[in-house]
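**Student:** My structure is below; once you've seen it, I'll send some questions.
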Amino acid sequence: MHELLPLTEEQREIQNVAREFAREHITPFAADWDARAHFERPVIDKLGELGFLGMLLPEEYDGLGLDTFSYLLALEEIAAADASTAVAMSVHNSLPTQMVLRWGTEAQKREFLAPMARGEMLGAFALSEAEAGSDAASLRAQGVRDGDDWVLTGTKSWVSSGGQADVYLTMVRTDTAANRRGARGISAFVLTPDLPGFAIGKKEDKMGLRASPTTELVFEQLRVPGDRLLGEEGSGFIYAMQSLDNGRLGIAAQAIGIARAALDLSTAYAADRKQFGQALRELQAIQFKLADMALKVTAARTLLHATATAKDRGVRTTQFGSMSKLYASEAAMWVTTQAVQIFGGYGYMKEYPVERLFRDAKVTEIYEGTSEIQRIVIARELYSHL
Ligand code: CAA
């Protein structure tokens, strides 16, 4: 199936490189990684060698300096092969690297951004806590000044690439005198696992994305040098929100990759599988499903690509980003449900890949803001000009 929006020669080339890479290094192994809940760090390192961990970063910091559209094309290809690998790539490219690029000091850029762009350091993002999921501004982990340092205490939850990442962009409350809820008074820090008092907590046992580790981060009197504060004290929540505007485009591309893989597998299966003396593809009940699946994949992709194009032109895309993420994730859940149905009994078995796609799709409706949060963002933006 082809994209509706035209691709440049360079974009087509990036898409092909990602597709070939996925075919060789990811697709044959994805089911095994999922079964063993195994994070394959070497494949992340190889993505780094291709430049795919610095796609949106300027060449000055060893990035590829590409546009958002190109990055999302590559991400869809990786996600179609393995959503777990894709989330590490998405979080890294959209959140920690963009935060350091936008608000970091020159020294932070040299120390963290360039190695992240080269793929020598994997980045992660820590905002949520056990009691602060959708209501992110109620987070309670805190940082207190101690001379030139900060001392952090608390626990962050559901951190993608936890335990594998080398750099964690982490939001904690630094205005501890202010009331316990509120966006102002939260600051962002560049944390690394070597800091005294930094520990990886519980590793989650998940329904899907099993090959992507999700953990807690536990800070016990974690001592952080003052130069690890990112940007302005008290602005961390705003930085996180602005970064999630971009992150949500990555999750949309991931969802589209999952949905597209389910559609491709279903199309091939329906041509092969015979019941009632004919291939499934001859049955109108199946044709209707395949048509609706293709429609949703195309609609999701076209909305995302249009949003990426607008963003690359400098348009603020908070609302369209939430629309893209919401539409693509609900499409992925719907399309993978139909795929399991088309495969029938086989679809319910782990032997066939649609079962994994179905499990992987669900989280795209949850992380980087649930579908309900996306609807809130979209609705609020309708009134933003008033
Ligand atoms: N861009 C810029 N600023 C923004 C913004 C945006 N998109 N969204 C909010 N802000 C600013 C507001 O303007 C406001 O600033 P002022 O104080 O100057 O007025 C401030 O942030 C607070 O905003 P709100 O009053 O809107 O805050 P709120 O408490 O009502 O929450 C929310 C807003 C949209 C519900 C937000 O809490 C939210 O997005 N929640 C979902 C959290 C989320 O997405 N978590 C994802 C976890 S990370 C993850 O999943 C990564 C992974 O590992 C895969």
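The values are calculated or read from the model by the stated rules, or taken from the named source; none is laboratory data. Small disclaimer: the values here were computed from a predicted structure and weren't measured. All Cβ positions, glycine included, derive from the backbone under ideal geometry; neighbour counts span all protein chains shown.
**Student:** Taking the criterion of being within 27 Å of residue 370 (Cα to Cα) and touching a Leu at 6+ places or on another chain (Cβ under 8 Å), would at least one residue in region 263-285 satisfy it?
**Tutor:** Among the residues of region 263-285, at least one is within 27 Å of residue 370 (Cα to Cα) and touching a Leu at 6+ places or on another chain (Cβ under 8 Å), which makes the answer yes.
**Student:** Of (1) under 19 Å from residue 161 (Cα atoms); (2) more than 17 Å from the chain's Cα centre (by Cα), residue 53 satisfies all except one. Which?
**Tutor:** (2)
**Student:** In addition: Cβ-Cβ below 6 Å, separation at least six or inter-chain, first residue in region 288-299 and within 15 Å of residue 80 (Cβ to Cβ), second among the polar types (S, T, N, Q) and surrounded by 14 or more Cβ atoms within 10 Å (Cβ to Cβ): which pairs?
**Tutor:** 293/338
**Student:** Filter region 339-386 down to residues that are within 13 Å of the ligand (Cβ to nearest atom) and outside any helix (DSSP H, G or I) and give me whichever is nearest to residue 274 (Cα to Cα).
**Tutor:** 366
**Student:** Looking at (1) surrounded by fewer than 14 Cβ atoms within 10 Å (Cβ to Cβ); (2) of a type in the set (A, V, I, L, M, F, W, C); (3) within 23 Å of residue 84 (Cα to Cα), can you tell me which one residue 263 breaks?
**Tutor:** (1)
**Student:** Oh, and also: Identify all residues within region 351-366 that are within 13 Å of the chain's Cα centre (by Cα), surrounded by 20 or more Cβ atoms within 10 Å (Cβ to Cβ) and either over 23 Å from residue 336 (Cβ atoms) or aliphatic (A, V, I, L, M) (or both); write none if there are none.
**Tutor:** 361, 363 - these are the residues of region 351-366 that are within 13 Å of the chain's Cα centre (by Cα), surrounded by 20 or more Cβ atoms within 10 Å (Cβ to Cβ) and either over 23 Å from residue 336 (Cβ atoms) or aliphatic (A, V, I, L, M) (or both).
**Student:** Take the residues of region 134-164 that are free of Cβ contacts under 8 Å to residues at least 60 places away in the same chain and assigned to a loop (DSSP other than H, G, I, E, B): which is nearest to the chain's Cα centre (by Cα)?
**Tutor:** This residue is 162.
**Student:** Restricting to region 104-129, name every residue that is within 13 Å of the ligand (Cβ to nearest atom), over 24 Å from residue 49 (Cβ atoms) and assigned to a loop (DSSP other than H, G, I, E, B). Lay out the reasoning, then the answer.
**Tutor:** So the first thing to find is which residues in region 104-129 are within 13 Å of the ligand (Cβ to nearest atom), and the list is 122-129.
Subsequent filtering for residues that are over 24 Å from residue 49 (Cβ atoms) retains 126-129.
Once the filter is applied, which keeps residues that are within 13 Å of the ligand (Cβ to nearest atom), over 24 Å from residue 49 (Cβ atoms) and assigned to a loop (DSSP other than H, G, I, E, B), region 104-129 yields 127, 128.
**Student:** Moving on. Only one residue in 170, 214, 176 is more than 14 Å from the ligand (Cβ to nearest atom), of a type in the set (Ser, Thr, Tyr) and either modelled with pLDDT under 95 or out of contact with any His (no Cβ under 9 Å at 6 or more places or on another chain) (or both), so which one is that? Steps first, answer last, please.
**Tutor:** Values: 170 fails: more than 14 Å from the ligand (Cβ to nearest atom); 214 fails: more than 14 Å from the ligand (Cβ to nearest atom).
Testing whether each residue is more than 14 Å from the ligand (Cβ to nearest atom), of a type in the set (Ser, Thr, Tyr) and either modelled with pLDDT under 95 or out of contact with any His (no Cβ under 9 Å at 6 or more places or on another chain) (or both) leaves just 176.
**Student:** Same structure again: Before we move on, is residue 359 in contact (Cβ under 8 Å) with a residue 24 or more places away in the chain and basic (Lys, Arg)?
**Tutor:** yes
**Student:** Going residue by residue through region 367-380, is there one that turns out to be surrounded by fewer than 18 Cβ atoms within 10 Å (Cβ to Cβ) and among the hydroxyl-bearing types (Ser, Thr, Tyr)? Working first, answer last.
**Tutor:** Applying the first criterion (surrounded by fewer than 18 Cβ atoms within 10 Å (Cβ to Cβ)) to region 367-380 yields 370-372, 375-376, 378-380.
Checking the rest, the ones that are also among the hydroxyl-bearing types (Ser, Thr, Tyr) come to 370-371.
Yes, because at least one residue in region 367-380 is surrounded by fewer than 18 Cβ atoms within 10 Å (Cβ to Cβ) and among the hydroxyl-bearing types (Ser, Thr, Tyr).
**Student:** Then there's this: Any residue that is on the phi < 0 side of the Ramachandran plot, within 24 Å of the chain's Cα centre (by Cα), away from the ligand (no atom under 16 Å from the Cβ) and at pLDDT 95 or above - is there at least one of those in region 265-277? Before the answer, list the steps.
**Tutor:** The initial filter retains those residues of region 265-277 that are on the phi < 0 side of the Ramachandran plot, namely 265-275.
So of that shortlist, the ones also within 24 Å of the chain's Cα centre (by Cα) come out as 265.
Pick out the ones that are also away from the ligand (no atom under 16 Å from the Cβ) and you get 265.
Narrowing the set further to residues that are at pLDDT 95 or above leaves 265.
Yes: region 265-277 contains one or more residues that are on the phi < 0 side of the Ramachandran plot, within 24 Å of the chain's Cα centre (by Cα), away from the ligand (no atom under 16 Å from the Cβ) and at pLDDT 95 or above.
**Student:** Tell me which residues, restricted to region 57-66, are in contact (Cβ under 8 Å) with a residue 24 or more places away in the chain and assigned to a helix (DSSP H, G or I).
**Tutor:** 61, the sole residue that qualifies.
**Student:** Follow-up. Could you please let me know if residue 244 is closer than 30 Å to residue 170 by Cβ, crowded, with 16+ Cβ neighbours inside 10 Å, touching a residue at least 24 places away in the same chain (Cβ under 8 Å) and more than 16 Å from the ligand (Cβ to nearest atom)?
**Tutor:** Details: closer than 30 Å to residue 170 by Cβ: yes; crowded, with 16+ Cβ neighbours inside 10 Å: yes; touching a residue at least 24 places away in the same chain (Cβ under 8 Å): yes; more than 16 Å from the ligand (Cβ to nearest atom): no.
When the stated conditions are applied, residue 244 does not pass them.
**Student:** When region 67-103 is examined, which residues are found to be outside any helix (DSSP H, G or I) and surrounded by 22 or more Cβ atoms within 10 Å (Cβ to Cβ)?
**Tutor:** 82, 95
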